[in-house]
Every structure is written in structure tokens, then in C-alpha cells.
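A.B. asks: Mind looking over this structure? Questions follow.
The values are calculated or read from the model by the stated rules, or taken from the named source; none is laboratory data. Please read all numbers here as calculations on a predicted model, not as lab measurements. Glycine gets a Cβ as well: all are built from the backbone with ideal geometry, and neighbour counts include every protein chain shown. When the accessible area is computed, the model is the full protein with side chains, heavy atoms only, and any ligands, DNA or RNA have been set aside. Shrake-Rupley method; radii C 1.70, N 1.55, O 1.52, S 1.80 Å.
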Amino acid sequence: MTDPETGGGAAPAAHARRGRDVLTHQALVYRTGEELTKVAVGWLRAGLMVGDATVVIASPAVADLVRGQLGAESAAPIEFHDSAAWFTGPVQTMSAYHERAREHWWPHGRLRVLAEPVWEGRGELEVREWLRHEALLNEIMAGTPSAFLCLYDAALPAGIVEGALRTHPELLDEGGLRPSPRFTDPADFYAECNAVPLDPPPLTAARRAFASGELPALRTFLEAEARRLDLAPERVLPFVLAVNEVATLIIREGGGHGAVWVWSEEGDLVCDVTDPSGHLADRFLGHLPPRAHQQVEAAMWAVRRLCHIVEIRTGKGSGGGIGFRGVDAGTRIRTRLKLR
């Protein structure tokens, strides 16, 4: 009997007990195009046979391989997306998954996604954030009727392949399905990502303090700095809105006052917003869709969607205070937007 998760062979008993109404998140680490095609296409065929809402998010080359192996008639029900256009930013991608699944995919049955993450051209920070995205998918999509198979070329840098083993509970290859021995609890993986210290702003960064009643002046300052540092015109408003949202939270929910630093580096517009005395309970804050009436969650969900990457350091060693030296409390939120 063909197993709809593995694409071949009987499912392991523990896996079969989970049923089709909960998340499965698997990685295929392949060494040849033949292995990729055989396993991935078998996995897709199994989903089509049981009526899953089937989606492929991949490069044109992989999409062509899938179409070629399936044939035009079999591939017709599959929804194809270009991975370069889909994987624009970690939280933007997670939001797209969640919203499209709720509105278009889940109403038609169980969701089955073959995904090829984009790693080419990613810097160290971006790689870490995309691996964090893979870990958090286990939390955000938990309990939903969804199956993900993520493709990883074994020739990718070792850190990326290792990340795949740590962020996917299961591995699928020509030998079948098995638990990943390196899988790490998403909360622990998230904490590791946040343990990486943030460098202080450069001495050339523009700085402005803010407090209650001073947000209009802060917005004027942010817009002027964004234009001075040559942020793309269509990104100026998202930048100002994102930082204003963080500053508003600090005034209303945090210590009541703070400061911002703005500068550019490596093609990004970067802004640090600091609260010298406030503390955030940062458990996946802004990565998970907000619960009803949770203002801080809603605000940070919006901020992460407006920005390319958002990093939070809170509590001991956050560098939240003025000067960023010897501070053991407070909160520091760093936003990044691509200049172009």
C-alpha cells in the first residue's frame, strides 16, 4: 500500500497514528537530480491520489523537472509558484502560507507543499533567519492539515544542511521516511538564534530620543534619514510605519521613552529602537499570527511583515540602554529593510 506521506511503502506505525489532520514537516536532502525527482514526484503523486491541495514552490528548473515527470495531465491540478518570488522574507513567507492556506488551500482538503528554499545570495544573517523560519513552521502550522517536503541539495554549505536536519522532524529519501536524529525543539533553536549578539550601531549612525508626544517629530526624522540614506522611495513609508509602531509600543507598554539609531550597511537600511528599562516576553514574538486582543503581538506581527528582518534582544545583555555598554536590562529591536 502506498503511504501518502512517503510516496511509497507502508508508513511507520508512529507516523501513521498521527493521521492526516496534523502537520508533517520533512526534508529531502538529495545528492542527484535523479534522487530529487524520484522522491519528490512520488510524494506529489501520493498527494494527488488522495485529493490533497498540492502546491510546488520551486525554481523554474525544479518545476520543469516535476512537470516533465508527472506529465501535463497529472501536473494540471498542482499550483506552481516561483521560489524566488515566494521566499522574499521569512515572516512575509510565513504570512503568505498562513493566509493562502486558510483562504484557498485548506477549504479544498489537506495541504501538501513541495518547497525549495532559496539560499543563493543569502548572507549569514539571512541564512540564520531562514533556518529560524523552518524551525518556527513547526509551531505556526502545528495542528493544521498540512504536509511540507523541503528540498535541500547536499552540496549546499554544511551549516545549511545541518540546519535542515535540526529544523525538520523527519527526513525523506529513497530509503523511506525516518525521524531526524538532530531535530531541535523550535523554542531551543529560536533561543540559539537570539543568543547571537548584536553589534552596536556605528559612530556615524544618526540618533534621536523619543517619549510621549514626540512621535510626529520622530516620524519626520525617520523619513529624512531614509531619504538621505537612499532607501527606495516605495519603502520609505513601510520603514517609518514599522519604527513608529515599535516606538509606540515602548511608550504605551514599555518604559515610556527610548531612542533610535539609523544607518546603512551591506545594502540594508538599519534602525535600532531601544527601551532602556522595558522587557519583552519574546517567545516567537511577531513570528506567529497574533491572537485576538493581543496588542503587542499584533504590532510586532505588522512590524515583521513591513521589514526584511527584525531582531529582538531583551533582558540581560540586550544592550537596551544609552551607549550599549555594560547594560543588563532593557530591550533592543533592530529592523532591516533592503535599500533597493
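A.B. asks: Just for segment 275-309: of the residues that are assigned to a loop (DSSP other than H, G, I, E, B), crowded, with 17+ Cβ neighbours inside 10 Å and of a type in the set (A, V, I, L, M, F, W, C), which one is farthest from the chain's Cα centre (by Cα)?
C.D. replies: Step by step, filter segment 275-309, then rank; the result is L280.
A.B. asks: Quick one: count up the residues across segment 95-114 that are surrounded by 21 or more Cβ atoms within 10 Å (Cβ to Cβ) and of a type outside the set (D, E, K, R).
C.D. replies: Going through segment 95-114 one residue at a time, the tally reaches 5.
A.B. asks: Taking the criterion of being open to solvent by less than 30 Å² (accessible area, probe 1.4 Å) and among the charged types (D, E, K, R), would at least one residue in segment 134-148 satisfy it?
C.D. replies: yes
A.B. asks: Give the number of residues within segment 211-265 that are closer than 23 Å to D282 by Cβ and open to solvent by 60 Å² or more (accessible area, probe 1.4 Å).
C.D. replies: So the answer is 5.
A.B. asks: Can you pull out the helices (runs of 4 or more DSSP H) entirely within segment 42-138 that have at least 1 residues that are within 26 Å of D185 (Cβ to Cβ)?
C.D. replies: Where helices (runs of 4 or more DSSP H) fall fully within segment 42-138 and carry at least 1 residues being within 26 Å of D185 (Cβ to Cβ), they are 90-100.
A.B. asks: Turning to a different aspect of this structure: Which of the residues spanning segment 248-266 are within 20 Å of P200 (Cβ to Cβ) and under 23 Å from the mean Cα position of the chain (by Cα)?
C.D. replies: Of everything in segment 248-266, those that are within 20 Å of P200 (Cβ to Cβ) and under 23 Å from the mean Cα position of the chain (by Cα) turn out to be S264, E265, E266.
A.B. asks: Quick one: what pairs do we get from segment 61-83, first residue farther than 15 Å from L151 by Cβ, second part of a loop (DSSP other than H, G, I, E, B), C-beta under 8 Å, 6+ apart or different chains?
C.D. replies: L70/I78
A.B. asks: Same structure, new question: Hey, can you tell me all the residues within segment 156-173 that are open to solvent by 20 Å² or more (accessible area, probe 1.4 Å) and either assigned to a helix (DSSP H, G or I) or modelled with pLDDT under 95 (or both)?
C.D. replies: Matches in segment 156-173: A158, G159, V161, E162, L165, R166.
A.B. asks: Here is a follow-up. Tell me, please, whether a residue that is among the hydrophobic types (A, V, I, L, M, F, W, C) and closer than 20 Å to R340 by Cα can be found in segment 245-253.
C.D. replies: Checked against the condition, which is being among the hydrophobic types (A, V, I, L, M, F, W, C) and closer than 20 Å to R340 by Cα, segment 245-253 yields no hits at all.
A.B. asks: Any chance segment 8-17 includes a residue that's at pLDDT 60 or above and open to solvent by 30 Å² or more (accessible area, probe 1.4 Å)?
C.D. replies: no
A.B. asks: Output yes when any residue across segment 36-57 is within 12 Å of the chain's Cα centre (by Cα) and either outside the structural domain of G267 (by TED's automatic domain parsing) or buried (at least 21 other Cβ atoms within 10 Å of the Cβ) (or both), and no when none is.
C.D. replies: no
A.B. asks: For L198, only one of the following conditions fails: (1) at pLDDT 95 or above; (2) buried (at least 16 other Cβ atoms within 10 Å of the Cβ); (3) not hydroxyl-bearing (S, T, Y). What is its number?
C.D. replies: (1)
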